[in-house]
Amino acid sequence: MRREGQGLTDDLAVDEAYDHFGTTWDFYFEVFARNSINNAGMSLDGVVHFGEGFDNAFWDGAQMVFGDGSGLRFTRLTRSLSVCAHELSHGVVQFDGPLIYQGESGALNEHIADALGAMVDQWSKKQSAEEADWLIGSEILAPGVTGKALRSMKAPGTAFDDDVLGRDQQPAHMDDFVRTARDHGGVHINSGIPNKAFYEISIALGGFSWERAGRILYTTLGNPQLRPTSTFRQFARLNHRVAGQLYGPAGRESAAVEAGWKAVGIQV
Ligand SMILES: [Zn+2]
């Protein structure tokens with residue numbers, strides 16, 4: 001429908017996806033000097049109007065796919081920059097991680113996609129960690145749904161509470177970790193725990209989330225010691241080690257990472 005450099009179409013979903021992919025590409029290039037999903041100039045392909053009233057979006061291993069929403073739960077998923085950046089970031093995790101999409105490593109995969117989705121949104125608005133809402137998908141809830149967004153990194157478990165959508169089940173602490181066979185072992189549920197840790201680290205460091213907390217996270221993802229089956233604790237320890245390598249083991253970045261994980265019940 002629209003290739004790079006071509007003008008507006010008369011299809012909103014096409015133009016939203018085009019713009020949001022472009023913003024996300026710019027973020028990765030300007031902030032992390034990364035050249036696209038695979039860091040080798042891969043083209044950003046997306047499919048819109050997938051299915052019939054499909055209430056989801058996903059990365060299929062090679063491209064991003066978006067539904068139009070049923071209008072009961074969600075509206076067009078392309079409306080949200082954080083959702084588009086989240087899906088694209090699953091591609092980045094696939095090339096740099098890769099974290100297996102099951103259990104804790106799957107929840108880390110979801111967490112990294114959320115954290116990068118939030119960073120892209122904040123970067124596009126030039127918002128500090130303090131100013132940002134830390135919501136994922138605040139633009140896609142259908143009219144009439146009681147809620148703010150799909151997920152809240154600042155306050156996991158509070159994004160929505162609705163008759164149709166149900167209640168946001170994300171925990172914000174290891175004490176409330178959800179053991180379930182659904183959702184690949186709760187990948188979209190337990191991601192609330194590392195999401196909250198990232199929020200705490202960003203707030204403790206102040207300024208823009210992508211500058212230090214984001215750099216530490218992105219460098220952790222690219223670290224060869226990250227295992228595909230990493231648990232939360234293994235990831236947190238590597239995250240802490242990377243903070244020390246980047247900013248010095250006695251630096252406030254390292255202390256903020258330790259405190260952020262401690263706030264969610266994980267000792268590094
Ligand atoms: Zn995801």
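The values are calculated or read from the model by the stated rules, or taken from the named source; none is laboratory data. Being a predicted model, the structure only gives us computed values, none of them experimental. We place every Cβ from the backbone using ideal geometry, glycine too, and count neighbours over all the protein chains shown. We work out accessible area using only protein heavy atoms, side chains counted, and drop any ligands, DNA or RNA first. Shrake-Rupley method; radii C 1.70, N 1.55, O 1.52, S 1.80 Å.
Residues that are within 13 Å of the ligand (Cβ to nearest atom) and part of a loop (DSSP other than H, G, I, E, B) were ranked within segment 178-189; the one that is surrounded by the most Cβ atoms within 10 Å (Cβ to Cβ) is Ile189. Residues in segment 139-170 that are under 17 Å from the mean Cα position of the chain (by Cα), open to solvent by less than 10 Å² (accessible area, probe 1.4 Å) and away from the ligand (no atom under 16 Å from the Cβ): none. Within segment 218-253, the set of residues being out of contact with any Leu (no Cβ under 9 Å at 6 or more places or on another chain) and either part of a helix (DSSP H, G or I) or crowded, with 21+ Cβ neighbours inside 10 Å (or both) comprises Arg233, Ala236, Arg237, His240, Arg241, Ala243, Gly244, Gln245, Leu246, Tyr247. Residue under question is Phe66, and the condition is that it be in contact with a Lys or Arg (Cβ under 8 Å, 6 or more places away or on another chain), within 15 Å of the ligand (Cβ to nearest atom) and open to solvent by less than 30 Å² (accessible area, probe 1.4 Å); does it hold? Spelling it out, Phe66 is indeed in contact with a Lys or Arg (Cβ under 8 Å, 6 or more places away or on another chain), within 15 Å of the ligand (Cβ to nearest atom) and open to solvent by less than 30 Å² (accessible area, probe 1.4 Å).
Restricting to segment 61-78, give me the number of residues that are more than 21 Å from Val164 (Cβ to Cβ) and not polar (S, T, N, Q). Within segment 61-78, residues that are more than 21 Å from Val164 (Cβ to Cβ) and not polar (S, T, N, Q) number 4. Here Phe32 does not qualify as over 21 Å from Gly222 (Cα atoms) and surrounded by 15 or more Cβ atoms within 10 Å (Cβ to Cβ).
For segment 207-217, the set of residues classified as away from the ligand (no atom under 16 Å from the Cβ) and either modelled with pLDDT under 95 or surrounded by 23 or more Cβ atoms within 10 Å (Cβ to Cβ) (or both) consists of Ser209, Trp210, Arg212, Ala213, Gly214, Ile216, listed by residue number. Taking the conditions (1) more than 14 Å from the ligand (Cβ to nearest atom); (2) in contact with a Gly (Cβ under 9 Å, 6 or more places away or on another chain) in turn, Gly61 satisfies each one other than (1).
Of the residues making up segment 99-126, those that are within 23 Å of Val145 (Cβ to Cβ) and within 11 Å of the ligand (Cβ to nearest atom) are Glu110, Ala113, Asp114, Gly117.
Whether a residue is part of a helix (DSSP H, G or I), open to solvent by 10 Å² or more (accessible area, probe 1.4 Å), among the aliphatic types (A, V, I, L, M) and in contact with a helix residue (DSSP H, G or I) (Cβ under 8 Å, 6 or more places away or on another chain) was assessed, and Ala204 passes this test.
Evaluated against (1) surrounded by fewer than 24 Cβ atoms within 10 Å (Cβ to Cβ); (2) more than 19 Å from Ala213 (Cα to Cα); (3) of a type outside the set (Val, Ile, Thr); (4) more than 10 Å from the ligand (Cβ to nearest atom), Asp96 falls short on exactly one condition, (2).
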